[in-house]
Every structure is written in C-alpha cells, then in structure tokens.
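What follows draws every value from the coordinates through simple rules; no lab data is involved. If you're wondering where the values come from, they're calculated on a predicted model, not measured in any experiment. Please note: Cβ atoms are built from the backbone with ideal geometry, for glycine as well, and neighbour counts cover all protein chains shown.
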Amino acid sequence: MSKKETNIKKEVKDKPVKGEALKQFKKDLKDQKNLTKINSKKILKGEVVTTENHKPNTEDNIIELVNVQKSYITGELETKVLKGVNISFKKGDFIVILGPSGSGKTTLLNIISGLDKTSKGDVFVLGHNLSLLKDSDLTKFRRDHVAFIFQQYNLLTNLTAKENAEVGENLAKVKNDKMTIEDIFETIGMKEQMNKYPHQMSGGQQQRVSIARALSKQPSILFGDEPTGALDEEMGRKVLEILVDVNKKYKTTIIVVTHNPNIADIANTVIHVRNGLIDEVKNNKNPKSPSEIDWS
Ligand SMILES: Nc1ncnc2c1ncn2[C@@H]1O[C@H](COP(=O)(O)OP(=O)(O)O)[C@@H](O)[C@H]1O
Ligand SMILES: [Mg+2]
C-alpha cells in the first residue's frame, strides 16, 4: 500500500457502525424516502420542507446545511463519511473547502451541488431542501441552478471551444441574452480561440473553456472540485483569476474544493473539513489575488 493510501485510510476509516445504530440509520433512510415521495414536487415549486425543524434564511444564505450525515453501507457495516455537518454560505461569496485527502470534501461538494444525496439532515440550496428531492427533480434542480468544473475538463473532443460552451447554454432554462457566448469568451480571455478544438488547446485553455461552458448556463452557483489539480502554476493561477473575476462580475457564488492551502487565500470564506466534520470556518476580510498566493 502506498503512503497516500495509508493516509486516506487513517483519515476516514472510522469504526464501522453495527447493530442498533445501523437499524436507526436504515430507519432514517426509509423516513427520508417516504418524505421525498410526498414533498419532492412541492420543494421544487418553492415550498420549504425540513426534517431538522429548521427554517433557512434565504435572504442572506444561498446554502444551509443542517446536521448533514452521509454514510456508505457495505454489507452489514456502515461507514460514516460526513458526521453531522452544520454550515451556511452567503450569497455571492467565494468559498474554498479545504481538507486533507479522504476527509470528505468531494462527498460534501457532491451533496451541496445535488450530485449525491445525504443520508440524513437538510441541504437547503436556494431554499430547496435537496435531501428530499427525488432523482429526476434533483436533475432538474442541477440543470436550472448550478454548474460544475472538474479536475478533468470533460470537453467534447469533436466540438470547438464555442460549441462546447453552447452545450451549457442549451441546457439553461432561462435564455437571457445579456450574457452572450462572445462576452463569456472575452471574460475567460479566449476570444481568439473560440473555433479551436480541444486537442489544439493547452490544459489550462481547456479548463477555461469548461468554465465558459459552466457560465453559459448562467448558474447561481459554480462548483469546482480541484479545478487546478491538473494544471501547472501559470495556468492554475490564470484559472483562479477567471473564477475571481466571474465572482465579482456576475456575482456568481463560487465553491471550490482543494487540498492546497495556498488557494484558500483567495477566498472570502474558508471551510476546513477534517474527518467528516467542519473543523474551522474562517472569514478572509482581504482575500489575496491569485497572482499573490504561494504556489507549491
Ligand atoms: N461510493 C463510496 N462508497 C464507499 N465509501 C466511499 C464512497 N465515496 C467515498 N467514500 C469514502 O469517503 C471518503 C471520503 O471521500 P472524499 O469525499 O472523496 O474525500 P476527499 O475529496 O476529501 O479526498 C473516502 O476516502 C472513502 O473512504
Ligand atoms: Mg476529492
């Protein structure tokens, strides 16, 4: 086993839960399923439904998590990955989620963004409790409100940069011609490269196109899971600069997951995840610009 794998194991392998606790876990899941059946449509229409007796403050907060737990079941064993996360995020913030490998960052991001579902707890995003949406409504929610960039850029190889960005635009519910594809390529500094194919671009340029694709949906929230993880320093800084610009220019709430503490310096809000819990929340009054942070 490599050193890295050993570390991951240490971070997450808690004592698996058996017996009574496992029974309770299964009951919670069943309750959640029943509530989903009754409430999914109502939630998508804007009704607030809670399992934790909580009323979200949708004026100020774009996201509120209440007692969010996520477990994976293998046979008769439950492994807890998130162990009761309580946190809220302000509208328009630039948030970095920091933590060691295996601490649960991706799991947390996937739950906040509607890619995955919590086992227990409330996940309010734009007032919708995602923990009680059925899969098809969760897909609708993602399509209408959020966008993603990943470590791997996931561009379609037979489409140009512009056409790749248009894939995002075509998915958007509200067609708003205030922000054209041309404007977006201006923002990412790639107006000259709009007609290039992915193989004609560097990794950094491809990642910028994936940001263009995300922006063309005009999402309320842009999620990035290790978005600079595959990039060298110069391209990594460039991508972060674009994210900061987007946050300022379009007021898009941005949530970036990274294991690189240097990147946290550009955020307004920094969340430390450790062993499935929020360890620390820090507010940065004067975030650094991506050109000022250390890089190593
Ligand atoms: N589908 C899954 N099934 C079982 N365990 C999982 C699954 N996904 C994640 N885990 C566990 O959760 C831990 C945290 O994973 P992850 O959220 O990807 O951490 P991070 O992004 O911080 O590296 C993993 O190390 C793994 O043990
Ligand atoms: Mg991860």
Task: Subset of the stretch 83-103 (residues that are part of a strand (DSSP E or B) and either basic (Lys, Arg) or free of Cβ contacts under 8 Å to residues at least 24 places away in the same chain (or both)) - done: 83, 90
Task: Matching residues in the stretch 104-146 - criterion: being in a loop (DSSP other than H, G, I, E, B) and either buried (at least 24 other Cβ atoms within 10 Å of the Cβ) or touching a Lys or Arg at 6+ places or on another chain (Cβ under 9 Å) (or both) - done: 104, 113, 114, 115, 116, 117, 118, 119, 133, 134
Task: Matching residues, the stretch 185-205, being out of contact with any helix residue (DSSP H, G or I) (no Cβ under 6 Å at 6 or more places or on another chain) and charged (D, E, K, R) - done: 186, 192
Open item on the list: Given the options 185, 223, name the one that is buried (at least 21 other Cβ atoms within 10 Å of the Cβ) and farther than 21 Å from residue 125 by Cβ.
Closed with: 185
Task: Search result, residues across the stretch 188-241 that are more than 16 Å from ligand 2 (Cβ to nearest atom), farther than 18 Å from residue 168 by Cα and touching a residue at least 60 places away in the same chain (Cβ under 8 Å) - done: 233
- [ ] Evaluate the stretch 135-144: report whether one residue or more is in contact (Cβ under 8 Å) with a residue 40 or more places away in the chain, within 21 Å of residue 253 (Cα to Cα) and among the hydrophobic types (A, V, I, L, M, F, W, C).
- [x] yes
- [ ] Go through (1) farther than 30 Å from residue 248 by Cβ; (2) within 12 Å of ligand 2 (Cβ to nearest atom); (3) β-branched (Val, Ile, Thr) and name the single condition residue 118 misses.
- [x] (2)
- [ ] Residues that are under 21 Å from residue 60 (Cα atoms) and over 15 Å from the mean Cα position of the chain (by Cα): find the strands (runs of 3 or more DSSP E) completely inside the stretch 242-296 holding 2 or more of those.
- [x] 277-283
